[in-house]
Amino acid sequence: MPTESAAPGPQAGTLAIDLGSSSTVIAFQPETPGARAVLQPVPPYSGEDPVVVPSLIWMRERDSPRPLIGRQVVDAGLQNAPGPGLIQDFKRRIGGLATSEAEASALISAEEAGSLLVTKLLQSLPAHLEIRRLVCTAPIEALAGYRRWLLQLGQDLAIPELALVDEPTAAALGCQLAPGSRVLVVDVGGGTIDLSLVELPGGEGRAAPIAQLLRFAGRDLGASSQKLRSARVLGKAGMRLGGRDLDRWMAEELRPGMAEAPGLLVACERLKCLLSSQEDALVSWSDGDQVQALRLSRERWEVILQQRGLIEALDRLLDTVLAAGRAEGVPLGAISAVLPVGGGSRLPLIQSWLKQRCPGLPIRLERPIEAVALGALALTPGVAIKDVLSRGVSLRCWDQRLGDHRWHPLFVPGQSWPTDQPLELVLACSSAEQRELELVLGEPDDEQRHEVIYRDGVPMLRSQPAGPPTVKAWPTAAVSLPIPAPVVPGQDRLRLRFSINRDAELTVAWQDLNATVEAPGKMPRNQELTLGMVR
């Protein structure tokens, strides 16, 4: 008589969660010497091939007791459901500067959605796994916002150690690139395309990169003054176009005007994946009344992508990143490797484009899906990223000569932060009646000279006109600094010092040059305010 197999014994280790725009990857590294890291299934939320969790949540109402998570949403046919009940594309909004229209109408915020997904995944892990360390990955431009989010989430998690690592560094180490390498990371995700040129710390006898430790031995380190080693971002560029938009392009080509038909986008995604390994592909799709065949050749698919402007957009992104690299003394030939990650990077058209635009460089295609999660496991707690601004920050000033407002750049795209020295401005008053200085801040509204517009529900790429980019004011309320009387027009009055701290917060310290003494009722000589987050 056969005996029942015994339940697995307790297994301690580290869990990595790579939260993606379309899919979330989970990997587990046992503490047992010699044990290999593996992708961790989390039924019923994860799929089987590949073992990933769709980054989807569906709920009837905000406090729904049984929301559908990941694969459950797909199995229920709700991945394209209209209305606020479907929560998706929340990765890029975690810790973001502004609230998008999609989030404003959603039942829960991006941070709440991320917390719900992570919590449900942790609760559904096999009982024999003992998670002693949780390592999460974050987009490099949102690292500070993710840090705050993870610290808040960690208050409800009974995990002794929490750590955070940026995605490009994790991806490079996940493909076993050496510390000190200069890596071009091409991330083609479900909702965005991001290119980053990064220089990994370490090499030539220097310390290798490690993740940023947020909790150790149960003690929060959010306010710790630990000295952290820094990875260096040489350049980056991106746009809000990804794999789901490519699915819509295919749907519009095969069934014009029917992109929102139930199940069509899922069928097109399957067809797209098959065309990554086949010259011709066929899938079945049911429109509710009958089963239809969707057939497409790789040659025709690549023509569609080129006609829609994908290669032109990729060229512009790459030119921007390589120009930033050259400005840092790193030409194309000095790059150690090209690292495509994300499901969309498996498209043969993108791989052939990379080979054409990056001749002679090694292109590491081994692990496009799991590289980030496996790299996060390879890092031990402790790295901070000295990042670069992707947007920049400008201050609206009054131009006395022109008699109009203009935008004065404070920090420009590509400038590194945290800042080593504050940027100082000395401003004068324009009239004797002026009693305050209003600080209106904005960022260049320049999406790499390409704009993603929707025509009949189908995403389209439209080139932006040449010339200087416009500046879009921050959605936060303007800050007013008081100016006590007397006021002499045209005379220097306020000294402002702008800085960006390690949490990506823009701060200003100011001094009234007319204040010689500190007295009750008068403005102090020095004050400081936090104005908002940069990106």
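The values are calculated or read from the model by the stated rules, or taken from the named source; none is laboratory data. Keep in mind that this is a model prediction, so the values were computed, not measured. Positions of Cβ are backbone-derived with ideal geometry, glycine not excepted, and every protein chain shown enters the neighbour counts. Calculation scope for accessible area: heavy atoms of the full protein, side chains included, ligands and nucleic acids excluded. Shrake-Rupley method; radii C 1.70, N 1.55, O 1.52, S 1.80 Å.
Scanning the range 270-311 for residues that are farther than 24 Å from Pro368 by Cβ, assigned to a strand (DSSP E or B) and out of contact with any Lys or Arg (no Cβ under 9 Å at 6 or more places or on another chain) returns Ser284, Ser286, Val291, Ala293, Arg295.
Results for (1) aromatic (Phe, Trp, Tyr); (2) over 30 Å from Thr14 (Cα atoms); (3) at pLDDT 85 or above; (4) open to solvent by less than 50 Å² (accessible area, probe 1.4 Å), shown as yes or no for each residue.
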{"position": "Arg66", "(1), (2), (3), (4)": "no, no, yes, no"}
{"position": "Ala106", "(1), (2), (3), (4)": "no, yes, no, yes"}
{"position": "Gly114", "(1), (2), (3), (4)": "no, no, yes, yes"}
{"position": "Arg133", "(1), (2), (3), (4)": "no, no, yes, no"}
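Within the set of pairs 6 or more residues apart or between chains, which connect a residue that is under 26 Å from Gly20 (Cβ atoms) and in a helix (DSSP H, G or I) inside the range 325-352 to a residue that is acidic (Asp, Glu) and open to solvent by 20 Å² or more (accessible area, probe 1.4 Å) with Cβ atoms less than 7 Å apart? Matching pairs, first to second residue: Leu349/Glu302.
Test Ala144 against the stated conditions and say whether it is of a type in the set (Gly, Ala, Ser) and either open to solvent by 10 Å² or more (accessible area, probe 1.4 Å) or assigned to a strand (DSSP E or B) (or both). Spell out the reasoning first.
Working: of a type in the set (Gly, Ala, Ser): yes; either open to solvent by 10 Å² or more (accessible area, probe 1.4 Å) or assigned to a strand (DSSP E or B) (or both): no.
Taking the combined requirement at face value, the residue does not satisfy it.
Considering (1) surrounded by 18 or more Cβ atoms within 10 Å (Cβ to Cβ); (2) in contact with a Lys or Arg (Cβ under 7 Å, 6 or more places away or on another chain), the lone condition that Thr24 does not fulfil carries the number (2).
Go over the candidates Ile350, Ile385 one by one and state the one that is hydrophobic (A, V, I, L, M, F, W, C), touching a helix residue (DSSP H, G or I) at 6+ places or on another chain (Cβ under 9 Å) and modelled with pLDDT of 85 or more.
Numbers: Ile385 fails: modelled with pLDDT of 85 or more.
The conditions single out Ile350.
The single residue among Gln88, Gln72, Gln40 that is surrounded by 20 or more Cβ atoms within 10 Å (Cβ to Cβ) and at pLDDT 90 or above turns out to be Gln40.
One residue alone among Gly532, Gly490, Gly442 is open to solvent by less than 80 Å² (accessible area, probe 1.4 Å) and either closer than 20 Å to Gly238 by Cα or modelled with pLDDT under 65 (or both), and that residue is Gly442. Count of the range 43-64 residues, restricted to those that are open to solvent by 30 Å² or more (accessible area, probe 1.4 Å) and either modelled with pLDDT of 90 or more or within 21 Å of Pro82 (Cα to Cα) (or both), is 7.
Being among the hydrophobic types (A, V, I, L, M, F, W, C) and at pLDDT below 80 is the filter; apply it to the range 505-520 and report the residue that is surrounded by the most Cβ atoms within 10 Å (Cβ to Cβ). Explain how you work it out, then say what you get.
Going residue by residue through the range 505-520, those that are among the hydrophobic types (A, V, I, L, M, F, W, C) are 506, 508-510, 513, 515, 517, 519.
Now narrow it down to the ones that are at pLDDT below 80: 515, 517, 519.
Details: Ala515: 15, Val517: 6, Ala519: 9.
In this case the residue turns out to be Ala515.
In the range 293-303 there is at least one residue that is more than 19 Å from Gln351 (Cβ to Cβ), surrounded by fewer than 18 Cβ atoms within 10 Å (Cβ to Cβ) and either at pLDDT 90 or above or in contact with an Asp or Glu (Cβ under 6 Å, 6 or more places away or on another chain) (or both).
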